[in-house]
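K.L.:
Shown below is the structure under consideration.
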Amino acid sequence: MAFEWQRICYGCRSMQICRRGCHMEPKKNKANVLIVDDEIGPRESLRIILKPHYNIFTAENGFTALQILKQQEIDVVTLDLRMQGMSGIETLKEIRAIDPDVMVIIITGYGTLNSAIEAIRYGVFDYIPKPFNVPEIICIIEKSVQRRRLNQRVKEMVRERGGGEFCIDKETTVDAPLFQNIHGGYEFEKEEAGSREFQNCLEFSKVLASTLEEKDPYTSGHSERVCYYADFISKKLSLNPRDRNEIRIASYLHDIGKIGISNRFINKKGALSTTEWSIIKQHTRKSLELLIPLNLSPNILSYIHHHHERYDGTGYPDGLTGESIPLGARIIAIADAYDSMTSERPYRRPLSDSDAKNELIKYAGKQFDPQLVSIFLEILREMENLFSVNDPFRPSSISVC
Ligand SMILES: [Fe+2]
C-alpha cells in the first residue's frame, strides 16, 4: 500500500495529514522518542506515559517508523519485535541504515532469547518484555537519552580533533565498525596484547555487560569489579597477555545470560523455589547461546559457561571437578563471589572484608580452587589500600546465582 506522507503533526504526532490544525513545533529541549508498535493499546499507553517528558512520535508499523526517521531527528526508538508486515528485526536493520546512532529499546511480548541476540547484534540499548512497568520504562528511556547525548558529545569531540579513529569508551554505544571487528573473526592469536581487536572486543563486552547491569541497580559495576579482581589473580599467576585478556573479557560477560531472566528471580527476597533456582541456573547456557554468534574465542566461552562449577564437583552446569574446570572459570568464580559478598543485595547488607575472606577460606577446596583462594587472599593483603571502602570500584552489586 502506497504511503502518502506529508509531514508530521507535532500536536497529535500523526503521520497523516493533520486535519485538526494542531501543528506545533517540537520542544527543542526535550528528546524525541519514536514509539513503534502495531498494537494500539501498548502504543498509546506508552505515548501517554512518556508525553510529559519527551516529544513523542508514534508509528503503527516499520514502514511508517522509517518514514519518520527520514524526516525527523529521533533520539530514542521503542520497537515492538512482532509486527505485521515489516518485522521488528527488519525494521531495526533499516533503522540502523538510516541512523546508526539512534538509541533503540526493544519492547515486546514476543520475548525469546534468539530475538534478544538478534537485537543486541544491531546495537539495541535495552530489551524489555511486556507487560512493562512504568517506573522501569521511564528510567530506561531516560538512561537511553543520556547515553545518546553522551555519544553525540564524544563524536563531536572526535570531529573537533580532526576525525581519525573513533575512540570508544565504556559509555559509548555499540557501533557498526566495532561489531564488524568482532564478528569478522577471532584474531587475538595474530595480535599483540592491547591491539585494536582486543580493545574493541573488551569495549564491546563492557557495553553488553552494562546493558545487563542497567536493568538492576544492584548489579551496577559488578562485572567491572569482577574483571578488576580476576585480573589481579591472572597477573599474580603470570599468565600470558592473551590469557589475561580472555579472562578479562569473560569477566565482563560472565552473567550476560541473565539478560533473558527476570529480575524477579535474580533479586528475590527469600528462598528460591526449585523451579526458580533451575531458571536462574540456565543463565550459563543462555550466555553461550547469546555469545556464540559473536565468534568469541572458545576459551572465553568456556570460562563463562563454567563459572559456577565447584571445585568438589557439586556445581553447574556440568559438575566438573578440580583442575578440569577451566582456569579462567576458577578465577572468575572467586572474583565473582568476593564482589557479591562484599556488595549490597536487595535483602542483605554487604559482608565485611574479613567475613568475605573467611567465607572464601571456608569454601576453599569445596567451592573454590584452594590455591587460587590463597593467591587472592595474598593479593587482598598486599593491595589493602586499593580495596578500601572509598575505592571507586566498590559500589553496590549483585547476587551470585
Ligand atoms: Fe553467574
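K.L.:
Looking at I105, I120, I95, can you tell me which residue is closer than 30 Å to G257 by Cα and at pLDDT below 85?
P.N.:
When all the criteria are applied, what remains is I120.
K.L.:
So, one more: Would you point out the residue of the range 347-366, among those that are part of a loop (DSSP other than H, G, I, E, B) and either of a type outside the set (S, T, Y) or surrounded by 16 or more Cβ atoms within 10 Å (Cβ to Cβ) (or both), that is modelled with the lowest pLDDT?
P.N.:
Looking at residues that are part of a loop (DSSP other than H, G, I, E, B) and either of a type outside the set (S, T, Y) or surrounded by 16 or more Cβ atoms within 10 Å (Cβ to Cβ) (or both), I get R349.
K.L.:
Here is a follow-up. Of the conditions (1) under 25 Å from N358 (Cα atoms); (2) part of a loop (DSSP other than H, G, I, E, B), D318 fails just one. Which one is it?
P.N.:
(1)
K.L.:
Do the conditions hold for T219, that is, is it farther than 20 Å from F368 by Cβ and more than 12 Å from the ligand (Cβ to nearest atom)? Before you say what the answer is, go through the steps one by one.
P.N.:
Working: farther than 20 Å from F368 by Cβ: yes; more than 12 Å from the ligand (Cβ to nearest atom): no.
So T219 fails the test.
K.L.:
Within the range 151-163, identify whether any single residue is at pLDDT below 60, of a type in the set (G, A, S) and loosely packed, with under 14 Cβ neighbours inside 10 Å, and answer yes or no.
P.N.:
yes
K.L.:
Being surrounded by 21 or more Cβ atoms within 10 Å (Cβ to Cβ), within 19 Å of the chain's Cα centre (by Cα) and more than 16 Å from S223 (Cα to Cα): is that true of L296 here?
P.N.:
Details: surrounded by 21 or more Cβ atoms within 10 Å (Cβ to Cβ): yes; within 19 Å of the chain's Cα centre (by Cα): yes; more than 16 Å from S223 (Cα to Cα): yes.
Criteria met by L296.
K.L.:
Moving on. Looking at I334, is it touching a strand residue (DSSP E or B) at 6+ places or on another chain (Cβ under 6 Å), in a helix (DSSP H, G or I) and modelled with pLDDT of 90 or more? Don't jump to the end; show me each part of the working.
P.N.:
Numbers: touching a strand residue (DSSP E or B) at 6+ places or on another chain (Cβ under 6 Å): yes; in a helix (DSSP H, G or I): yes; modelled with pLDDT of 90 or more: yes.
The answer is yes for I334.
K.L.:
Here's a follow-up. So how many residues does the range 323-354 have that are under 18 Å from I379 (Cα atoms) and either within 16 Å of the ligand (Cβ to nearest atom) or among the basic types (K, R) (or both)?
P.N.:
So the count comes out to 13.
K.L.:
Take residues that are within 17 Å of I334 (Cβ to Cβ) and away from the ligand (no atom under 15 Å from the Cβ) and tell me which of the helices (runs of 4 or more DSSP H) falling wholly in the range 231-289 contain 2 or more.
P.N.:
241-253
K.L.:
Under 7 Å between Cβ atoms, which residue pairs at least 6 apart in sequence (or on different chains) link something in the range 331-342 that is assigned by TED's automatic domain parsing to the domain that holds A250 with a partner that is more than 11 Å from the ligand (Cβ to nearest atom) and not in a helix (DSSP H, G or I)?
P.N.:
A333/F368; I334/F368; D339/S397; S340/S397; M341/L351; T342/P350; T342/L351
K.L.:
Can you say whether S234 is at pLDDT 90 or above, within 14 Å of the chain's Cα centre (by Cα) and either over 30 Å from P131 (Cα atoms) or buried (at least 21 other Cβ atoms within 10 Å of the Cβ) (or both), as far as the supplied structure shows?
P.N.:
Here the answer is no, as S234 does not meet what is asked.
K.L.:
Does any residue of the range 304-321 turn out to be within 22 Å of the chain's Cα centre (by Cα), under 30 Å from I107 (Cα atoms), within 16 Å of the ligand (Cβ to nearest atom) and hydrophobic (A, V, I, L, M, F, W, C)?
P.N.:
yes
K.L.:
Check L296 against each of (1) within 16 Å of the ligand (Cβ to nearest atom); (2) outside any helix (DSSP H, G or I); (3) out of contact with any Gly (no Cβ under 7 Å at 6 or more places or on another chain) and name the one condition it does not meet.
P.N.:
(1)
The values are calculated or read from the model by the stated rules, or taken from the named source; none is laboratory data. Predicted model, so just to flag it, every value in this text is computed and none were measured. Please note: Cβ atoms are built from the backbone with ideal geometry, for glycine as well, and neighbour counts cover all protein chains shown.
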